[in-house]
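Scroll down for the structure; my scribbles are underneath it.
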Amino acid sequence: MHTSDIYVAGLGVISALGYDLKANRHALQSGESGIGAIKHLKTIHKDVFSVGEVKYSNADLEQASHLPPGTSRTALLSSIAAREAYTNAGLHPQTGLKIGFVSANSVGGMDKSEDFYSAFSNDHHKGKLRDVVGHECGYSTELVARQLGIHHYVSTISTACSSSANAIFHAARMIAAGYLDVAVAGGAESLTRFTLNGFNTLMILDPNPCKPLDENRKGLNLGEGAGYVVLASEYALSKLDTKVYCRLSGWHNVNDAFHQTASSPDGAGSYMAMQGALRKSGLRKEEIGYINLHGTSTQNNDLSEGTALIRLFGEALPKLSSTKAYTGHTLGASGGIEAVFSVMSVMDGYVYPNLRFETPMKDAPLHPVTSFDIDRSIRHVLSNSFGFGGNCSSLIFSAT
Amino acid sequence: MTKKVYIRSVGMISPQVTFAQEVPLGISTIHEGRRMNAIEPDYKIIFGPKSIRRMSRIIRMGSAAAVECMYHSGLIMPDAIITGTAYGCLEDTIIFLNKMEENKEEMLTPTAFIQSTHNSVGAQIALSIKCQGYNNTFVNRGLSFEQALLDAMLLIEEGDVTNVLVGGIDEITNTSHAILSRFDLYRSAKSDLLIEQPGKGTMAGEGAGFFLISSEASTSDMAVIEHLSMKFDPDEKLNTAQWINDVLSDLQMKLSDIDLFILGHNGDLRNDGTYESLQQAIGDSAPIAYFKHLCGEYPTASSFGLWLAASSLKNGRVPFSAEDFLQLDASSRVLMYNSASNGHHSLMLLSAC
Amino acid sequence: MDKLIHDLKVQIIAQLNLQDLTPEEIGDDQPLFAEGLGLDSIDALELIVLLQQQYKVKLASAEEGQTVLRSVRTIAEYITRHQPQD
């Protein structure tokens, strides 16, 4: 059985902006960025870098997620947001539907592994095994799937910063092909010393709150969180007591094939990803009402993405912004969190400001939205996620 | 799936002499101890010294297997590249963790970090051949390779692509082996007796297996993938024989229609019980071949199993088995079933072409 | 300066894993990036750390690296100018 339309029937999110959809919505509307000093992550860089940290300790998150003490923060965040989406869509184990869980992350349970490794590296008999048992990317996914009672199809994708965008449309394709009726899809990521130090070696971190798309941007702020959408076929909708948010109407995945970490200066990967998503959706580019950019605030990404946008849209750029100025760059979770924001944009006409923007980039001048707005004429929203390894993905959400 | 999916070519680096072998040799390499290390080619010859400096071991393994596979496919470029790896790039992950420890988070360098992401192998292959097509990496533990393969078959079914390069890769490093050993997974054994003489534990393995799968038939095709199924069964409720019977019955087939079974026993008594009901159901109806005494146990070991199945159908006999073990012909069907711990089950049905 | 230039070549080869090169094969004024030795942005970052670790010389940004890291000689000159006196 092949279904043509893929609907979004549920949302769940946790980020630096707040614990759930309501808190995130409120912060987005009021222009309150979640970027600030590091509070929970133990690192020597604690007072150096601004990050988008979730404002709860592991103990708080363990309690909220009902996962045992010592569980990886990635799994904790994943559990909370995935459960919100699951419940939000009216899902329960007795629907009789084929339900899948497709989650993404880039470093799995590294927050605990790096603690294990500190002890282990001096003495191979040291280090608590329970700290490393959840290391694998797929471990968090399966832990949460089991909590939700999902076992029909459980998958984990890891393509750096495009991970959860890829997870979302892999789930959509599984539904379209008839393997699944419903899927909870997105991703999660927690802050770790590994990623903080890793990005620091690339000299692309801004110690201060970041300024995406700005000529004077200094780099990105790392963030953490989790974001999931529930995708459903028309058949599944008939069995669920839920509202329909919108459709996932377009998607595309390409590889920039330019360099291990840098994007090509002409934005080839970004361009092809966006163009491909438009082609899949059958939309004309004029129909896009808002673009949620990847917009990490690095010299390289914003210029590359900006170049691609101008090439694709010319003078007629739609409203656009990067919400990473609110949440930081949540790596493997970014596609999922930003999918949730994009769905809200389609549903409620939200147009998010590109916080702290002052001066357009000389070489690819974009003029993002700078204050929160509601535009009910928006029917189609494009969301970009581009990652290390050249993995570029774009999603399009459309009003029903 | 309505479209036929052909395995046109393979490239395999494993603890056996499998790389760049037209027909795999008859004699298997015997490993002794708790792990089986891959037999690797001289990567400098394949890639040149300039390229390999930024390729860690797993990236070299994966890239070399991919190069081999593409070479035999007769194609310059696949339409998509999809990889499956559970552990990802361990060597670089550990190098970076070590440096973080030693230098207390100061004066760290980027190379190990950027190569540590799970998609590095797939990304490097795309970069080296400038393939801008669909590129994805699955990392779901013992089903990573299966999900990569499923995604590839899905792409082909959707009709936008014809040829997809799919690979399963995982490595052992001294550190990862030391850590995993603490979970009581391994025992010291001689690999040729690993399954014949089971015990408490298995031998660790590693490898990189790449397949060019296509919707277009060619004269050099090795096998047809008739069916791929998987199950996540963490609570151990699955009746394996029943499941396999049901899958076959949906395909209008029975167990007795299978000419060769390839099973994923790993010589660990705690694991191999899963196969009992199936073995009983199979009875004497067809020979059973094993593969983990050749490649060891690792999350993407089913890629070696698939290689074994495809090579068996292509060459008419099972690699590294006795001459008189089995002859396969143009009507033969092979069923591979693998069960790793943690409730992962996968089933692949192949036929000759 | 000659000793510094030679030492730098040895260290660069080690740091960047340029196994097939000997110090003699790197020209003092040979461009290190793009053409010449063909190093890239990741190598630049590695070299910035090398300068810090070996010579206690800190570059402010990756951009500053573009001028300083042009050739082995420009690196040596920069170190000579900026190395803290013990």
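Sort through B:D79, B:D92 and tell me the only one that's more than 10 Å from every other protein chain (Cβ to nearest Cβ), surrounded by fewer than 24 Cβ atoms within 10 Å (Cβ to Cβ) and closer than 18 Å to B:R8 by Cβ. So that I can check it myself, show each step before the final result.
On the way: B:D92 fails: closer than 18 Å to B:R8 by Cβ.
When all the criteria are applied, what remains is B:D79.
Please tell me if A:Y228 is out of contact with any Gly (no Cβ under 6 Å at 6 or more places or on another chain) and of a type in the set (F, W, Y). If you could, list the steps in order and put the result at the bottom.
Values: out of contact with any Gly (no Cβ under 6 Å at 6 or more places or on another chain): no; of a type in the set (F, W, Y): yes.
When the stated conditions are applied, A:Y228 does not pass them.
Name the residue, out of A:K42, A:K46, that is in contact (Cβ under 8 Å) with a residue 40 or more places away in the chain and surrounded by fewer than 20 Cβ atoms within 10 Å (Cβ to Cβ). Let's see the steps before the verdict.
On the way: A:K46 fails: in contact (Cβ under 8 Å) with a residue 40 or more places away in the chain.
From the options A:K42, A:K46, the qualifying one is A:K42.
Quickly run through the range A:169-191 and pick out the residues that are within 10 Å of another protein chain (Cβ to nearest Cβ) and closer than 11 Å to A:V107 by Cβ.
Answer for the range A:169-191, where residues must be within 10 Å of another protein chain (Cβ to nearest Cβ) and closer than 11 Å to A:V107 by Cβ: there is none.
Considering only the range A:32-59, state which residues are of a type in the set (A, V, I, L, M, F, W, C) and assigned to a helix (DSSP H, G or I).
So in the range A:32-59, the residues of a type in the set (A, V, I, L, M, F, W, C) come out as A:35, A:37-38, A:41, A:44, A:48-49, A:51, A:54, A:59.
Listed by number, the list holds a single entry, A:A59.
Got at least one residue in the range C:76-83 being part of a loop (DSSP other than H, G, I, E, B) and in contact with a Phe, Trp or Tyr (Cβ under 6 Å, 6 or more places away or on another chain)? Spell out how you get there, then give the answer.
To start, the set of residues in the range C:76-83 that are part of a loop (DSSP other than H, G, I, E, B) comprises C:83.
So of that shortlist, the ones also in contact with a Phe, Trp or Tyr (Cβ under 6 Å, 6 or more places away or on another chain) come out as C:83.
Looking through the range C:76-83, at least one residue is part of a loop (DSSP other than H, G, I, E, B) and in contact with a Phe, Trp or Tyr (Cβ under 6 Å, 6 or more places away or on another chain).
So which residues in the range B:95-123 are of a type in the set (S, T, N, Q) and more than 7 Å from chain A (Cβ to nearest Cβ), if there are any at all? Steps first, please.
Residues of the range B:95-123 that are of a type in the set (S, T, N, Q), as a first pass: B:98, B:103, B:109, B:111, B:115-117, B:119-120.
Correct list: B:N103, B:T111, B:Q115, B:S116.
Of these, B:G209, B:G296, which one is crowded, with 22+ Cβ neighbours inside 10 Å, in contact with a helix residue (DSSP H, G or I) (Cβ under 9 Å, 6 or more places away or on another chain), in the same structural domain as B:I27 (by TED's automatic domain parsing) and within 30 Å of B:R60 (Cβ to Cβ)?
Details: B:G296 fails: in the same structural domain as B:I27 (by TED's automatic domain parsing).
Among B:G209, B:G296, only B:G209 is crowded, with 22+ Cβ neighbours inside 10 Å, in contact with a helix residue (DSSP H, G or I) (Cβ under 9 Å, 6 or more places away or on another chain), in the same structural domain as B:I27 (by TED's automatic domain parsing) and within 30 Å of B:R60 (Cβ to Cβ).
Have a look at A:A257, A:A226, A:A236, A:A232 and point out the one that is touching a residue at least 12 places away in the same chain (Cβ under 8 Å) and at positive phi.
Being touching a residue at least 12 places away in the same chain (Cβ under 8 Å) and at positive phi holds for just one of A:A257, A:A226, A:A236, A:A232, which is A:A257.
Identify all residues within the range A:196-210 that are more than 8 Å from every other protein chain (Cβ to nearest Cβ) and either small (G, A, S) or surrounded by 24 or more Cβ atoms within 10 Å (Cβ to Cβ) (or both); write none if there are none.
Within the range A:196-210, A:L205, A:C210 meet the criteria.
Restricting the search to the range B:181-194, which residues are in a loop (DSSP other than H, G, I, E, B) and surrounded by 20 or more Cβ atoms within 10 Å (Cβ to Cβ)?
Initially, the range B:181-194 is screened for residues in a loop (DSSP other than H, G, I, E, B), giving B:182-185, B:187-188, B:194.
Matches in the range B:181-194: B:L185, B:L194.
Residues being over 21 Å from B:D192 (Cβ atoms) and part of a strand (DSSP E or B): count how many of those fall in the range B:300-342.
6
Could you tell me which of the residues A:L395, A:L303 is in a helix (DSSP H, G or I) and not hydroxyl-bearing (S, T, Y)? Walk me through it before giving the result.
Working: A:L395 fails: in a helix (DSSP H, G or I).
The match here is A:L303.
Looking at this structure, is A:S79 within 9 Å of another protein chain (Cβ to nearest Cβ) and either within 26 Å of the chain's Cα centre (by Cα) or assigned to a helix (DSSP H, G or I) (or both)? Give the derivation first.
Working: within 9 Å of another protein chain (Cβ to nearest Cβ): no; either within 26 Å of the chain's Cα centre (by Cα) or assigned to a helix (DSSP H, G or I) (or both): yes.
No.
What tally of residues in the range A:321-343 results from selecting those that are in contact with an Asp or Glu (Cβ under 7 Å, 6 or more places away or on another chain) and either not in a helix (DSSP H, G or I) or not small (G, A, S) (or both)? Give the derivation first.
Kept after step one, since they are in contact with an Asp or Glu (Cβ under 7 Å, 6 or more places away or on another chain), are these residues of the range A:321-343: A:323, A:330-333.
Checking the rest, the ones that are also either not in a helix (DSSP H, G or I) or not small (G, A, S) (or both) come to A:323, A:330-331.
Qualifying residue count for the region: 3.
So for the range B:112-120 (the condition being closer than 14 Å to A:I157 by Cβ and of a type in the set (A, V, I, L, M, F, W, C)), does at least one residue qualify?
To start, the set of residues in the range B:112-120 that are closer than 14 Å to A:I157 by Cβ comprises B:117-119.
Still in the running and of a type in the set (A, V, I, L, M, F, W, C): none.
There is no residue in the range B:112-120 that is closer than 14 Å to A:I157 by Cβ and of a type in the set (A, V, I, L, M, F, W, C).
Just one of A:R311, A:R247, A:R284 is away from every other protein chain (no Cβ under 13 Å), surrounded by fewer than 24 Cβ atoms within 10 Å (Cβ to Cβ) and farther than 27 Å from A:D348 by Cα; which is it? Lay out the reasoning, then the answer.
Working: A:R247 fails: farther than 27 Å from A:D348 by Cα; A:R284 fails: farther than 27 Å from A:D348 by Cα.
Just one listed residue meets the conditions, A:R311.
So which residues in the range A:92-125 are on the phi < 0 side of the Ramachandran plot, at the interface with chain B (Cβ under 10 Å from one of its Cβ atoms) and assigned to a loop (DSSP other than H, G, I, E, B)?
Hits for the range A:92-125 are A:N105, A:S106, A:V107, A:S121, A:N122, A:H124, A:H125.
Name every residue in the range B:125-143 that is more than 7 Å from every other protein chain (Cβ to nearest Cβ) and either more than 24 Å from A:A268 (Cα to Cα) or crowded, with 24+ Cβ neighbours inside 10 Å (or both), in order of residue number.
Result: B:I125, B:G142, B:L143.
Quick one: in the range C:38-58, of everything that is part of a loop (DSSP other than H, G, I, E, B) and out of contact with any Leu (no Cβ under 8 Å at 6 or more places or on another chain), which residue is farthest from the other protein chains (Cβ to nearest Cβ)? Don't jump to the end; show me each part of the working.
Keep residues of the range C:38-58 that are part of a loop (DSSP other than H, G, I, E, B), which gives C:38, C:40, C:56-58.
Restricting the remaining residues to those that are out of contact with any Leu (no Cβ under 8 Å at 6 or more places or on another chain) gives C:38, C:40, C:56.
Working: C:G38: 7, C:D40: 7, C:K56: 11 Å.
Ranking the candidates gives C:K56 first.
Pairs, please: C-beta under 8 Å, at least 6 apart or cross-chain, first residue in a helix (DSSP H, G or I) and in the range A:277-288, second acidic (D, E)?
Once the first residue is in a helix (DSSP H, G or I) and sits in the range A:277-288, no partner that is acidic (D, E) comes close enough.
Does the range B:174-192 contain at least one residue that is acidic (D, E), modelled with pLDDT of 95 or more and touching a strand residue (DSSP E or B) at 6+ places or on another chain (Cβ under 8 Å)?
No, the range B:174-192 contains no residue that is acidic (D, E), modelled with pLDDT of 95 or more and touching a strand residue (DSSP E or B) at 6+ places or on another chain (Cβ under 8 Å).
Residues of the range A:209-244 being polar (S, T, N, Q) and in contact with a strand residue (DSSP E or B) (Cβ under 6 Å, 6 or more places away or on another chain), which ones? Outline the logic, then answer.
Initial filter on the range A:209-244 (polar (S, T, N, Q)): A:216, A:221, A:233, A:238, A:242.
Listed by number, the residues that qualify are A:N221, A:T242.
Being within 23 Å of B:K50 (Cβ to Cβ) and free of Cβ contacts under 8 Å to residues at least 24 places away in the same chain narrows it down to one residue among B:L97, B:L108, B:L127; which is it?
Details: B:L97 fails: within 23 Å of B:K50 (Cβ to Cβ); B:L108 fails: within 23 Å of B:K50 (Cβ to Cβ).
So the residue among B:L97, B:L108, B:L127 that is within 23 Å of B:K50 (Cβ to Cβ) and free of Cβ contacts under 8 Å to residues at least 24 places away in the same chain is B:L127.
Tell me which residues, restricted to the range B:340-353, are more than 14 Å from chain A (Cβ to nearest Cβ) and at pLDDT 95 or above. Talk me through it step by step, then tell me what you get.
Step one: of the range B:340-353, the residues more than 14 Å from chain A (Cβ to nearest Cβ) are B:347-353.
Within the range B:340-353, B:L347, B:M348, B:L349, B:L350, B:S351, B:A352 meet the criteria.
Within the bounds of the range A:15-36, is there any residue that is free of Cβ contacts under 8 Å to residues at least 24 places away in the same chain and within 14 Å of chain B (Cβ to nearest Cβ)?
No, the range A:15-36 has no match at all.
Among the listed residues B:E146, B:E157, which satisfies the condition of being at the interface with chain A (Cβ under 10 Å from one of its Cβ atoms) and farther than 28 Å from B:R60 by Cβ?
B:E157
Looking at the structure I just gave you, is A:Y56 in contact with a helix residue (DSSP H, G or I) (Cβ under 8 Å, 6 or more places away or on another chain), under 30 Å from A:P207 (Cβ atoms), within 12 Å of chain B (Cβ to nearest Cβ) and surrounded by 15 or more Cβ atoms within 10 Å (Cβ to Cβ)?
On the way: in contact with a helix residue (DSSP H, G or I) (Cβ under 8 Å, 6 or more places away or on another chain): yes; under 30 Å from A:P207 (Cβ atoms): yes; within 12 Å of chain B (Cβ to nearest Cβ): no; surrounded by 15 or more Cβ atoms within 10 Å (Cβ to Cβ): yes.
Criteria not met by A:Y56.
Condition test on A:S377, is it in a loop (DSSP other than H, G, I, E, B) and in contact (Cβ under 8 Å) with a residue 12 or more places away in the chain? Reasoning before the result, please.
Working: in a loop (DSSP other than H, G, I, E, B): yes; in contact (Cβ under 8 Å) with a residue 12 or more places away in the chain: yes.
Against the criterion (in a loop (DSSP other than H, G, I, E, B) and in contact (Cβ under 8 Å) with a residue 12 or more places away in the chain), A:S377 qualifies.
The values are calculated or read from the model by the stated rules, or taken from the named source; none is laboratory data. Just so we're clear, the structure is a prediction, and the values are computed from it rather than from any experiment. Quick reminder, even Gly has a Cβ in these numbers, built from the backbone with ideal geometry, and neighbours come from all protein chains shown.
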